[in-house]
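A quick write-up on the structure given underneath.
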Amino acid sequence: MDFEFTEEQRLLADSVERLMSDTYDFEARKGFAASAEGWSLEIWRQYAELGLLAIPFAERHGGMGCGPVETMIVMQALGRALALEPYLATVVLGGGLIREGGDEEQCKALLPRIVSGEWRLAFAHTESTSRHDPTHIRTTARHDGDGWVLDGAKTMVLHGDCADALIITARTERSHPDKSGIGLFLVDDTAHGLLRTIYATIDGRRAADVVMTGVRVGPESVIGEADEALPIIERVLDHAIAALAAEAVGAMAAAHERTVEYLKTRVQFGSAIGKFQVLQHRAVDMLVTLEQSRSMAMFGTMMADYSNARERRQALAAVKVQIGRSARLIGQQAIQLHGGIGLAIEHDIGHYVQRLTAIDILFGDADHHLSRLAAGGGLFAAEA
């Protein structure tokens, strides 16, 4: 199998890596995190100018008509730079839900606004009792004339603080664990009855808890069928897991490089600590783990568009297991090999570990996905 990038993909990788290296040193990132938005509006505009916001969308909707490989390239670069912008929330999750579930009229009206950088989205799906179960939804949507009324609460809405609109999951009928009766609703951030509580996350980003009390939306706000949204949600979440795996590989690669450089320059007992064989072995363990993760991230990228939903979900569960465990090992080794400064907020290595920890938790940690993988018969189901 050929894993070489095409010429266009190499140009994309060069462009996004150059942008990140030019704009995202650690001091600049601290400034972005302390700003009103918590990230850089100027860099977001540069994403739009480079076409990064257009990558997964069809050309007829203003996009570039690319796929998961190009998203992987972008996410690796963002992970390496610890970029704070809402790319995952807006492009992968929000844009993905509209691309996969919206009708042609919705796609033509909404996707170009994402591509231009003028409109940001957040996916409000997780609830306090859901425990990564996409069918465990207590938020309700009931008919009111030709529209709908939403009531309920969502938690940990990524970049829900800065989103211009939220895509909210709600039960239109039936209850958990029924797979039907789930709808997707596009709600403006200024909607009456919508309350957001904003807070910082462990990795320096921001999220929101959202409460809906009698939020009224029109029929045009429904994305796809009002009671058959679960397959769309699962497909987009699988895309998001593949994207997160790529981001984690970028972050792990940067953490490994910084750790090796530190071993070469930190002097103790009259020589660089990188000369001690036991520390060399630990650096090699980090490298081996990184390469295992890189392979699994590529596997996840290849499987993200796979038509067989069961095999796709099992594959992405396996990816999440490997990425979560690798992130923990590389993060722990990076902290220990840096010594005390690895725990200091003024040093970037701790921020890489925080982001890797958050990636492990998002959409289910390694233990959750290992259980799901086992319950489904493993990555490759045994022949009868």
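Within 30 Å of LYS179 (Cα to Cα) and not in a strand (DSSP E or B) - does that describe any residue in the stretch 270-279? Explain how you work it out, then say what you get.
As a first pass, look at the stretch 270-279 and keep what is within 30 Å of LYS179 (Cα to Cα): none.
No.
Filter the stretch 21-78 down to the residues that are part of a helix (DSSP H, G or I), more than 18 Å from ALA243 (Cβ to Cβ) and of a type in the set (S, T, N, Q) and list them by number. Within the stretch 21-78, SER21, THR23, GLN46 qualify. Would you please name the residue that is farthest from VAL236 (Cα to Cα), looking only at residues in the stretch 169-188 that are in contact with a helix residue (DSSP H, G or I) (Cβ under 9 Å, 6 or more places away or on another chain) and in a strand (DSSP E or B)? Among residues in the stretch 169-188 that are in contact with a helix residue (DSSP H, G or I) (Cβ under 9 Å, 6 or more places away or on another chain) and in a strand (DSSP E or B), the one farthest from VAL236 (Cα to Cα) is ASP188. Restricting attention to the stretch 314-332 and to residues that are surrounded by fewer than 21 Cβ atoms within 10 Å (Cβ to Cβ) and of a type outside the set (A, V, I, L, M), the residue that is farthest from THR259 (Cα to Cα) turns out to be ARG325. If you go through the stretch 137-168 and keep only what is out of contact with any helix residue (DSSP H, G or I) (no Cβ under 8 Å at 6 or more places or on another chain) and surrounded by fewer than 15 Cβ atoms within 10 Å (Cβ to Cβ), you end up with ARG142, HIS143, ASP144, GLY145. Filter the stretch 240-279 for residues that are among the charged types (D, E, K, R) and closer than 29 Å to MET298 by Cα; which is surrounded by the most Cβ atoms within 10 Å (Cβ to Cβ)? By that ranking, first place goes to GLU247. Would you confirm whether or not the stretch 118-137 contains a residue that is touching a Lys or Arg at 6+ places or on another chain (Cβ under 7 Å), assigned to a helix (DSSP H, G or I) and in contact (Cβ under 8 Å) with a residue 40 or more places away in the chain? The answer is no, given that none of the residues of the stretch 118-137 is touching a Lys or Arg at 6+ places or on another chain (Cβ under 7 Å), assigned to a helix (DSSP H, G or I) and in contact (Cβ under 8 Å) with a residue 40 or more places away in the chain.
Here the condition is being part of a helix (DSSP H, G or I) and either within 16 Å of the chain's Cα centre (by Cα) or among the small types (Gly, Ala, Ser) (or both); of VAL16, VAL91, it holds for VAL91 alone.
Here ARG325 meets the list (1) assigned to a loop (DSSP other than H, G, I, E, B); (2) at pLDDT 95 or above almost entirely, failing just condition (1). Can you give me the number of residues within the stretch 54-76 that are in contact (Cβ under 8 Å) with a residue 12 or more places away in the chain and touching a Gly at 6+ places or on another chain (Cβ under 6 Å)? Number satisfying all stated conditions: 5.
Annotation note: Cβ proximity below 7 Å between a residue of the stretch 224-253 that is more than 20 Å from ILE55 (Cα to Cα) and a residue that is acidic (Asp, Glu) (sequence gap 6+ or interchain) occurs for ASP227/GLU173.
Screening the candidates ALA191, ALA226 for the property of being in contact with a Gly (Cβ under 7 Å, 6 or more places away or on another chain) and either not in a helix (DSSP H, G or I) or not assigned by TED's automatic domain parsing to the domain that holds ASP178 (or both) yields one hit, ALA226.
The values are calculated or read from the model by the stated rules, or taken from the named source; none is laboratory data. Bear in mind that the values here come from a model prediction, so they are computed numbers and not experimental data. Reconstructed Cβ throughout: ideal geometry from the backbone, glycine too, with neighbour counts over all protein chains shown.
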